Amino acid sequence: SSATEAVSAALNTATEGIPIVVYNPLNIEREDLVDAAVKFPGGAPESVTVTGPEGRAVPAQISSGKVIFLAHAPSVGFAVYSVQPGHAAPAGSELHVTQDSLENQWYRVKIDANGDIASIFDKRLNKELLASPMRLAISCNNPEQWPAWNMDWDQVQAQPKAYVVGPASLHIVENGPARVALAIT
């Protein structure tokens with residue numbers, strides 16, 4: 001928006017790399033992934049180093065031609081990050097991905113051969129959160145009013161018409177310090 005552009009123009013964006021201004025519209029501090037289209041002189045690099053306002057590198061990667069990094073911004077505030085070609089240590093990333101699992105510092109998620117979520121293990125509680133696999137269901141949804149957003153309770157509670165069944169094809173889509181992802185087909 002023009003207001004964000006006006007504030008960005010007044011911020012100190014003198015960085016060693018390409019400055020990215022992150023705006024947090026929420027009334028609480030926020031840490032989240034930023035997905036930014038960045039034009040590099042000479043074309044996109046293989047890897048990037050992103051430095052936060054405190055001068056420390058944050059988890060960052062190039063994915064689908066965009067720079068993805070973990071940003072922290074104050075409540076209803078701005079933060080300036082610096083993006084440079086090159087690679088730094090993953091800045092404490094605890095993300096892991098395998099052909100059938102995803103993991104961060106809080107959870108470990110496993111996918112079974114059908115493509116269903118077979119396990120969500122909470123590391124803080126040291127507890128499995130699922131009693132059985134989470135299956136992708138095909139349900140009837142014909143609400144009497146507002147079909148674009150409404151769901152009638154009786155249809156939500158009804159047994160699914162069918163479930164998506166495997167075998168599924170799983171492959172790693174992203175494996176970086178800022179984000180990991182699996183594709184399930």
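Annotation note: of Thr49, Thr15, the sole residue that is part of a loop (DSSP other than H, G, I, E, B) and either touching a residue at least 60 places away in the same chain (Cβ under 8 Å) or open to solvent by less than 60 Å² (accessible area, probe 1.4 Å) (or both) is Thr15.
Selection of the stretch 20-45 for residues being over 17 Å from Pro74 (Cβ atoms) and either surrounded by 15 or more Cβ atoms within 10 Å (Cβ to Cβ) or in contact with a Gly (Cβ under 9 Å, 6 or more places away or on another chain) (or both) yields Ala36, Ala37, Val38, Phe40, Ala44, Pro45. Would you check which residues across the stretch 1-12 are of a type outside the set (Gly, Ala, Ser) and either under 16 Å from Ala57 (Cα atoms) or touching a residue at least 12 places away in the same chain (Cβ under 8 Å) (or both) and list them? Within the stretch 1-12, Thr4, Val7, Leu11, Asn12 qualify. For Pro147, are the conditions met, namely being in contact (Cβ under 8 Å) with a residue 40 or more places away in the chain and either surrounded by 10 or more Cβ atoms within 10 Å (Cβ to Cβ) or in contact with a helix residue (DSSP H, G or I) (Cβ under 6 Å, 6 or more places away or on another chain) (or both)? Considered against the rule, which asks whether it is in contact (Cβ under 8 Å) with a residue 40 or more places away in the chain and either surrounded by 10 or more Cβ atoms within 10 Å (Cβ to Cβ) or in contact with a helix residue (DSSP H, G or I) (Cβ under 6 Å, 6 or more places away or on another chain) (or both), Pro147 comes out as no. Name the single residue, out of those in the stretch 110-152 being hydroxyl-bearing (Ser, Thr, Tyr) and part of a loop (DSSP other than H, G, I, E, B), that is nearest to His96 (Cα to Cα). Filtering the stretch 110-152 for residues that are hydroxyl-bearing (Ser, Thr, Tyr) and part of a loop (DSSP other than H, G, I, E, B), the one nearest to His96 (Cα to Cα) comes out as Ser132. Screening the candidates Ile111, Ile68 for the property of being crowded, with 18+ Cβ neighbours inside 10 Å, within 30 Å of Glu5 (Cα to Cα) and within 21 Å of the chain's Cα centre (by Cα) yields one hit, Ile68.
The values are calculated or read from the model by the stated rules, or taken from the named source; none is laboratory data. Just so we're clear, the structure is a prediction, and the values are computed from it rather than from any experiment. Positions of Cβ are generated from backbone atoms using ideal geometry, with glycine treated the same way; all protein chains shown enter the neighbour counts. Please note that ligands, DNA and RNA were not included when accessible areas were found on the heavy atoms of the full protein model with its side chains. Shrake-Rupley method; radii C 1.70, N 1.55, O 1.52, S 1.80 Å.
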